[in-house]
Each structure stands twice: as C-alpha cells, then as structure tokens.
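Undergrad: So that we are looking at the same thing, I have put the structure below in structure tokens.
The values are calculated or read from the model by the stated rules, or taken from the named source; none is laboratory data. These numbers were taken from a predicted model, which means no experiment stands behind them. So basically every Cβ, Gly included, is an ideal-geometry build from the backbone, and we count neighbours across all protein chains shown. The accessibility values were calculated without ligands, DNA or RNA, using every heavy atom of the protein model including side chains. Shrake-Rupley method; radii C 1.70, N 1.55, O 1.52, S 1.80 Å.
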Amino acid sequence: MTSATRPVPRNSVEEPVFRDMCRRFAAAEAEPRWEQADRERAFPRDFFRACSAAGLIGISAPEAIGGTDLGCVEEAVCMEEVARVNPNLAVSILVQNVANALLYFHGSDVHREIAQRNITGECLLAIAVTEPEAGNDVQNVRVSARRDPGGDWIIDGIKAFITLGGEADVLVLLAQTDRSQGRRGMQFFAVDRASPGLQAVPIDTYVNRPAPTYRIMLDQVRVPEERRLAAGFSEIMAGFNRERIMVAARWLGHMRHAQEWALSYARERHQFGRPIGANQSIAFMLAQNQVDIEAAHHLTYHTAQRWDSGAPIRDIIMDVSTAKLFATQAVLRVTQNALHAGGGWGLTSELPVMRMAMDALVAPVTVGSYEIQLRAIARQLGLPCD
Ligand SMILES: Cc1cc2nc3c(=O)[nH]c(=O)nc-3n(C[C@H](O)[C@H](O)[C@H](O)COP(=O)(O)OP(=O)(O)OC[C@H]3O[C@@H](n4cnc5c(N)ncnc54)[C@H](O)[C@@H]3O)c2cc1C
C-alpha cells in the first residue's frame, strides 16, 4: 500500500458504540474459546467464522467486496477489545486484515474474490514473509519463484514463523522473482495451502499458542500467473506501518487485561490482616501501570487518527514507531508488575497471570523489533543511522 493509493475510510461509527459491540463480541466468542485453544495449541476455526459474522474481518476493506470500509481507529478498537480477553485470538484477526488488504489493494479480480471469501468466513489467510535467514532483514528473502515455460510459477524454499500457516486456506507469500533486482525483484503470490509440494510444520513456541506458527516448506510448488500480486517489498513495508498500529492496540488491550486482574487481586488478597493493595509498594506499582496504559492509549489512537486522516505515511512514521515501541515495552512492565502482585500463586497455573506475562514476551519481536523502531525514530530525527 503506497501513500498515493491509501484510501481514507468512507464509513464511520460512534467509537463508544463500536467499542461496546467489540467488547460484547469478545466476551461471547473469545472468552469461551481461548483457554482450550491455548492448552491444545489449536486455532479454533469457528472463532474466525464468528469474527466474519460480526463484521470484524475486512473492517477496512471496501464495501464492494463485503468489507465495512471503516478506519484504522475502529480496527484498533477491535484489536484492543479482543486482546483484552486474549491477545492471540486478536492476532488471528490482525493477520486476516493484513493479508486481506494486500489482496484487495494490489490484486486482480482473482485476488479480490479470495479477499471476499475471507470476509465471508470461508477462506482463512496467512501472511508469509519471514524466513529462517530473513527475520527483521526482509530484504534477505530467499524463497524463489521462477517462471516455467508454460507460464506458471514454481516456488521453492522455506518460510518460518507463519501464524496460522497450517490452518490457512491461502498463504499470501513473498518470494524472489528476480534476485538481480534485490528488493525490487520480490513479489507476493496467493498460494493454496493444499498445493502439492507445500508442507506446514508446527514450531513449538511458548507464545501465541491459540494462533500457532509454522515452518512452510515449499518444494516446487506450482502457482498460476493469475495468483501473482502487483505487490512486493515496498508494499509490505508500507503495510507494516498500519500493522504496527494494530500491534500497539493489541498490547494495549493485553495491558488492560493484566491490570484489571492485578487490581482485583490486590483488593482481594489479604496478608498481615489487610489487602496487599493497601501497601504503598503494591499500590504505586499498579498506579505506575496505569500511567503506561494511559500513555499507550493516547499514542495508539493519536496515530490511528492520523492514519485515517490520509496523511502521507512518511509524515506519520514517527508516530507509528513511537506508539509501537512504547506499547511493546510497556506491556512487559505491566505484565511483570501484575505477576509480582500475584506472588507465588502468580507463578502457578491456578492464576492466569503467568500466562499473561508469557504471552507478552513476543511483543518486542514481531513486525520490526525494538531496534528497528528505534532506528526509524533516529532517522526521523535526521540522524544518519543505518
Ligand atoms: C509468534 C510469532 C508469530 C509470527 N508471525 C509471523 C507471520 O505470521 N508472518 C511472518 O511473515 N512472520 C511472522 N513472525 C516473524 C516476526 O515478524 C519477526 O520478523 C521475526 O520473528 C524476527 O526475526 P528473527 O526471529 O529472525 O530475529 P532477527 O532478525 O534474527 O533478530 C534477532 C535480534 O537481533 C536484533 N536485530 C536484528 N537486526 C538488527 C539491526 N539492524 N540493528 C539492531 N538490532 C538488530 C533484533 O532486534 C533481535 O533482537 C512471527 C514471529 C513470532 C515469534
């Protein structure tokens, strides 16, 4: 998505009404599912269908393909409210919306039909960029796509850390089509997961368990030319900026969840004849959490509003990186403080707070780590930082 093609949302809703709808959705559809999904490390496919029925897949997609054409603010509200119940079911929505946007902004009718089926809950998507040797360094993508004499593309190589890679019906996958062109020689393909030669192997992570990650092994996978998108490195880098706002919203929701738990525990747990929250050390720690949450809230929604205003991406990179960096640092502080309030019981599976602290560990890693955000901010400050 380039600055030039980035649309301003055409619809709007009153934020409190939309937030209330998302909150009720999360209580009804995420709450009953996340614990089993976490225990079994298995994505609940019916959660995706419930998201679709509630209009949360393709929030920002045009109405012409069944989307709701709402903005970044509404998408962030959805992310925050679902993450307030479980950050990993929330990320499954995030993945759908990122992949969907690539398909409808940069695709043909063939791709838009896939995006449409995604919105109606029939086609689960995954986004496959990362590789074993291309993590933050996306330019180093080595999965190759070469044209065979019949006009199809033959894709070979390995992708890594692909969320829902084993469940998705279609993977929106970045490959090198012309290595001599460097990052300009990369393109996305909409690849059916059932394609002969494609194998998804689970990666045993401690995080994101309800939305598992996979290695994707591609051995001479044949993809028709009509599945190639008019998008590559530049479009995914531009798309990462919007995704970073959603990442900030995701961890904001998780912070609220951890803080709500810690506040209630600090009121209920008695030691020395009084609630532990009566001790200044605990009370101040949770007050400090609230400062982090308020700051993350303002940074996230300020950035989402700027995005919706249609401002060129280059003018809001500072906001995006600041919001993402702050929220992903703050969630580690907030969940660690909540864990500390839980004492010894906090470290057991009898309380939910250890799970919250573990889930937060992935925050600094995805969609450009701390260092990548600091580099972006330093460059915005005019420093010649490589
Ligand atoms: C649970 C999970 C789900 C994911 N889901 C997806 C997905 O659906 N699709 C997808 O494509 N990818 C996905 N990823 C990949 C993710 O977005 C990151 O890109 C990837 O994990 C980071 O790459 P790496 O682990 O190889 O780290 P590396 O890039 O090897 O980084 C290792 C360390 O070095 C630091 N570092 C790297 N470069 C620099 C630099 N220039 N300056 C300073 N420090 C640097 C990093 O900050 C980090 O601390 C997922 C990852 C995880 C863990």
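Undergrad: Can you report the number of residues in the stretch 184-212 which are within 24 Å of PRO44 (Cβ to Cβ) and either in the same structural domain as LEU89 (by TED's automatic domain parsing) or open to solvent by 10 Å² or more (accessible area, probe 1.4 Å) (or both)?
TA: 16
Undergrad: Now, a different point. Give the residue that is farthest from CYS72 (Cα to Cα), with candidates limited to residues of the stretch 304-340 that are touching an Asp or Glu at 6+ places or on another chain (Cβ under 6 Å) and open to solvent by less than 30 Å² (accessible area, probe 1.4 Å).
TA: VAL334
Undergrad: Further, regarding this structure: Where the second residue is part of a helix (DSSP H, G or I) and the first is without any contact (Cβ under 8 Å) to a residue 40 or more places away in the chain and lies in the stretch 25-48, which pairs have Cβ atoms under 7 Å and are six or more apart or on separate chains?
TA: As it stands, the answer is GLU29/PHE47; GLU29/ALA50, since those pairs meet every condition given.
Undergrad: Let me ask something else. Which of the strands (runs of 3 or more DSSP E) found entirely inside the stretch 102-208 contain at least 1 residues meeting this: acidic (Asp, Glu)?
TA: Numbers: elements: 125-128, 144-147, 153-163, 170-176, 186-192, 198-203.
Passing ranges, in order: 153-163, 186-192.
Undergrad: List, please: which pairs have Cβ atoms under 7 Å, are six or more places apart or on different chains, and start with a residue in the stretch 370-385 that is under 15 Å from GLN329 (Cα atoms) and end with one that is surrounded by fewer than 16 Cβ atoms within 10 Å (Cβ to Cβ) and modelled with pLDDT under 95?
TA: From residues that are under 15 Å from GLN329 (Cα atoms), the pairs are ILE372/ASN136.
Undergrad: I'd like the residue in the stretch 341-373 that is open to solvent by 60 Å² or more (accessible area, probe 1.4 Å) and in contact with a helix residue (DSSP H, G or I) (Cβ under 7 Å, 6 or more places away or on another chain) and, out of all such residues, is farthest from the ligand (Cβ to nearest atom).
TA: So the residue we want is LEU347.
Undergrad: Hey, another quick one. Against the definition (open to solvent by 60 Å² or more (accessible area, probe 1.4 Å) and either in contact (Cβ under 8 Å) with a residue 24 or more places away in the chain or assigned to a helix (DSSP H, G or I) (or both)), how does ASP292 come out, yes or no?
TA: no
Undergrad: Among the numbered criteria (1) open to solvent by 10 Å² or more (accessible area, probe 1.4 Å); (2) more than 16 Å from the ligand (Cβ to nearest atom); (3) touching a Ser or Thr at 6+ places or on another chain (Cβ under 9 Å); (4) in contact (Cβ under 8 Å) with a residue 40 or more places away in the chain, which one does TYR104 miss?
TA: Answer for TYR104: the failing condition is (3).
Undergrad: Evaluate the following for ALA99: is it open to solvent by less than 10 Å² (accessible area, probe 1.4 Å), under 22 Å from ARG45 (Cβ atoms) and of a type in the set (A, V, I, L, M, F, W, C)?
TA: Details: open to solvent by less than 10 Å² (accessible area, probe 1.4 Å): yes; under 22 Å from ARG45 (Cβ atoms): yes; of a type in the set (A, V, I, L, M, F, W, C): yes.
Yes: the conditions hold for ALA99.
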